[in-house]
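Below is one structure, written out as structure tokens; the observations come after it.
The values are calculated or read from the model by the stated rules, or taken from the named source; none is laboratory data. Bear in mind that the values here come from a model prediction, so they are computed numbers and not experimental data. Positions of Cβ are backbone-derived with ideal geometry, glycine not excepted, and every protein chain shown enters the neighbour counts. The accessibility values were calculated without ligands, DNA or RNA, using every heavy atom of the protein model including side chains. Shrake-Rupley method; radii C 1.70, N 1.55, O 1.52, S 1.80 Å.
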Amino acid sequence: MRIDVWFVMLPGVLSLDMTGPAETFVLAGDAFRLHYVGPQPDVQTSIGLTMSGIQPLPERLPEGSLLVLPGVSDSRSQFSTPQAQQIQHWRLQPIIQRRDITVMCVCSGALLAAKSGLLNNRQCTTHHDVISRLRTAAPTATIKENRIFVQDENFDFSYRPSVQTENEDLCAGREHLDQRGDHVGHRPGAAYD
């Protein structure tokens with residue numbers, strides 16, 4: 001059975017946050033089917049490349065889907081745009097609460113999840129530059145600093161995109177939709193501080 005992976009595409013999307021995971025899923029062969037969705041059909045990425053062919057936000061996501069919320073180059077402004085607000089008002093709460101969807105927040109994508117009301121009482125992480133704003137946006141969340149990867153039920157959070165961490169874990173056979181256990185990966189040293 002193929003897993004549908006839905007990338008939420010907003011203007012300013014960090015190209016590495018999107019292409020790193022997407023490339024890893026493609027390398028897994030037929031295991032994943034990728035979709036790119038958002039409020040507009042074209043977006044300019046953080047590197048100035050325009051991504052087109054973006055489909056409208058679906059009314060619902062199929063059971064077993066993986067929803068990827070990548071970061072953006074300037075989360076202060078780009079997560080406050082009308083496009084980002086459309087994502088925040090998208091019917092994410094009922095989709096996620098079913099727990100048959102896994103959400104993967106890459107870097108500042110956790111802030112979009114927080115602004116969408118998805119991080120209440122969850123453990124999470126994000127890029128160190130965004131931690132204080134994530135605390136404000138998700139006051140009931142337990143924010144794990146100095147972590148590469150945090151897993152909480154049907155949510156996976158990564159500090160940064162990395163083939164060696166979150167995506168390799170997903171593609172190497174972890175039953176990420178059926179056997180959920182709290183897992184917190186520790187970021188060794190302070191290489192990214």
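Residue 20 passes every criterion in (1) modelled with pLDDT of 90 or more; (2) under 15 Å from the mean Cα position of the chain (by Cα) apart from (1). Residue count for segment 7-54 under the criterion of being in a strand (DSSP E or B), touching a residue at least 12 places away in the same chain (Cβ under 8 Å) and closer than 23 Å to residue 77 by Cα: the result is 8.
Does residue 67 satisfy the condition of being in a loop (DSSP other than H, G, I, E, B), open to solvent by less than 10 Å² (accessible area, probe 1.4 Å) and either touching a residue at least 40 places away in the same chain (Cβ under 8 Å) or more than 27 Å from residue 151 (Cβ to Cβ) (or both)? So residue 67 fails the test. For segment 26-44, filtering for residues that are at pLDDT 95 or above and β-branched (Val, Ile, Thr) leaves 2. For the residues 76, 2, 98, the requirement of being modelled with pLDDT under 95, open to solvent by 50 Å² or more (accessible area, probe 1.4 Å), closer than 24 Å to residue 154 by Cβ and out of contact with any Asp or Glu (no Cβ under 7 Å at 6 or more places or on another chain) singles out 98. Against the criterion of being open to solvent by 40 Å² or more (accessible area, probe 1.4 Å), of a type outside the set (Val, Ile, Thr) and at pLDDT below 90, residue 51 does not qualify.
Of the listed requirements (1) modelled with pLDDT under 65; (2) small (Gly, Ala, Ser); (3) more than 22 Å from residue 46 (Cα to Cα); (4) open to solvent by less than 70 Å² (accessible area, probe 1.4 Å), residue 162 misses just one: (3).
Against the conditions (1) modelled with pLDDT under 90; (2) at positive phi, residue 121 satisfies every one except (1). Inside segment 115-157, residues that are outside any loop (DSSP other than H, G, I, E, B) and closer than 17 Å to residue 88 by Cα make up a count of 6.
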